[in-house]
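**Q** Here you go, one structure.
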Amino acid sequence: MKNKEIKILLSAPRGFCAGVERAIEIVEKAIKKYGIPVYVRHEIVHNKFVVDDLKKKGAIFVEELEEIKDKTRPVIFSAHGVPKKVPSDAKSYKMTYVDATCPLVSKVHREAENLHKSGYHLILIGHQNHPEVVGTMGQLPEGSIDLIQDENEAKNYKFQKDKNLAFVTQTTLSVDDTKNIISILKDRFPGIREPYKEDICYATTNRQLAVKNIAKNCDMFFVIGSRNSSNSVRLVEVAKKSGCSNAHLIHSQSEIPYDLIEKSKTIGISSGASAPEILVVNFIKNLKKKFTVSIDEVEVIKENVVFKVPKKLN
């Protein structure tokens, strides 16, 4: 019997962003320069495939510096950024460290610090306990920055201080959801100061735009990425809101729902900013074993952003 024909709309841009590529390169160059093991505080990027690959090369992942028995070995801070206390602890342990924080996250850190120094009380729009949020809030003294996660919290936020108010955002949020939160805050606090340039990063924005562009034409949508990857989870939400209610995250433990794909004519595929392209390739290979597949790559914008690795690794 002839295999069912399925059309794949392949979203572009997708997958690795410049910050993720830089972070992975930093770990690989550090291993080359310092030998093994090299420690990494928190998953360098939120993807099991990437983390497992770096483990094989000699990286050891820890959540806190205290877990590192041999403090003479170098440690790398993840792409999500860290609270100020972490580099300061590394210095007091006399550890060699390399900061792989994405430059666009560092920009938000500097912005928050400058606003704080200028006398502003800060709001961070983001998701509680996400490492990027922990890192950004950890740039400022306790009590000088508050987290708002959704529209409801924005509506109920109480601010009675005599200071001016400003906001920054996590870089991997849903562009549309964040717009709604910001407009509530602006209505409630007309004088609130916003970032000069949007904090949501170019890669998050582009990947969401690309998904929006094709989701309405798809019977099913798949985002390849990890469950703890904020930008991947947001892409699934974007697909659902943009007209494909049947959208799913495909992570390392996922079973491919062939029976549901069987009922579809057109499926969309994208991948989160920390998901390597090989995972997309493998997913499509698996589909080709069961179906006759045609692929149409739909690109909304070309990306050519590159971030240099720190000089000390060259």
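**Q** Which count do you get for residues in region 34-74 that are touching a helix residue (DSSP H, G or I) at 6+ places or on another chain (Cβ under 6 Å), closer than 17 Å to THR96 by Cβ and not hydrophobic (A, V, I, L, M, F, W, C)?
**A** 2
**Q** Shifting gears a bit: Tally time: how many residues in region 282-295 are hydrophobic (A, V, I, L, M, F, W, C) and assigned to a helix (DSSP H, G or I)?
**A** 3
**Q** I would also like to ask the following. Out of all the residues in region 239-253, is one or more under 14 Å from ILE8 (Cα atoms), modelled with pLDDT of 95 or more and under 15 Å from the mean Cα position of the chain (by Cα)?
**A** Scanning region 239-253, I find no residue that is under 14 Å from ILE8 (Cα atoms), modelled with pLDDT of 95 or more and under 15 Å from the mean Cα position of the chain (by Cα), so the answer is no.
**Q** Looking at region 255-314, which of its residues are basic (Lys, Arg) and within 24 Å of the chain's Cα centre (by Cα)?
**A** Residues satisfying the conditions are LYS302, LYS308.
**Q** What are the residues in region 28-53 that are buried (at least 24 other Cβ atoms within 10 Å of the Cβ), closer than 29 Å to ASN304 by Cβ and more than 15 Å from the chain's Cα centre (by Cα), if any?
**A** ALA30, VAL40
**Q** What helices (runs of 4 or more DSSP H) completely inside region 123-212 contain at least 1 residues that are loosely packed, with under 14 Cβ neighbours inside 10 Å?
**A** Per the criteria, 151-156, 175-188.
**Q** Where residues in region 228-256 are in a loop (DSSP other than H, G, I, E, B) and in contact with a helix residue (DSSP H, G or I) (Cβ under 7 Å, 6 or more places away or on another chain), which of them is surrounded by the most Cβ atoms within 10 Å (Cβ to Cβ)?
**A** Taking the candidates together, the pick is CYS244.
**Q** May I ask you to list pairs of residues, at least six apart or on different chains, whose Cβ atoms are under 8 Å apart, with the first in region 103-123 being touching a residue at least 12 places away in the same chain (Cβ under 8 Å) and small (Gly, Ala, Ser) and the second being surrounded by fewer than 19 Cβ atoms within 10 Å (Cβ to Cβ) and in a strand (DSSP E or B)?
**A** Correct list of pairs: GLY119/ASN164.
**Q** Considering every residue within region 190-204, establish whether at least one is touching a Cys at 6+ places or on another chain (Cβ under 7 Å), among the polar types (S, T, N, Q) and under 21 Å from ALA112 (Cβ atoms).
**A** no
**Q** Take LYS7 and decide whether it is farther than 29 Å from LYS302 by Cβ and not in a loop (DSSP other than H, G, I, E, B).
**A** Working: farther than 29 Å from LYS302 by Cβ: no; not in a loop (DSSP other than H, G, I, E, B): yes.
Taking the combined requirement at face value, the residue does not satisfy it.
**Q** Additional query: If you go through region 257-281 one residue at a time, how many are hydrophobic (A, V, I, L, M, F, W, C) and not in a helix (DSSP H, G or I)?
**A** At the first step, the residues of region 257-281 found to be hydrophobic (A, V, I, L, M, F, W, C) are 260-261, 267, 269, 273, 275, 278-281.
With not in a helix (DSSP H, G or I) added as a condition, the list becomes 267, 269, 273, 275.
Total meeting the criteria: 4.
The values are calculated or read from the model by the stated rules, or taken from the named source; none is laboratory data. Worth saying up front: this structure is predicted, and the values here are computed from it rather than measured. Neighbour counts run over all protein chains shown; Cβ positions are idealised from the backbone, glycine included.
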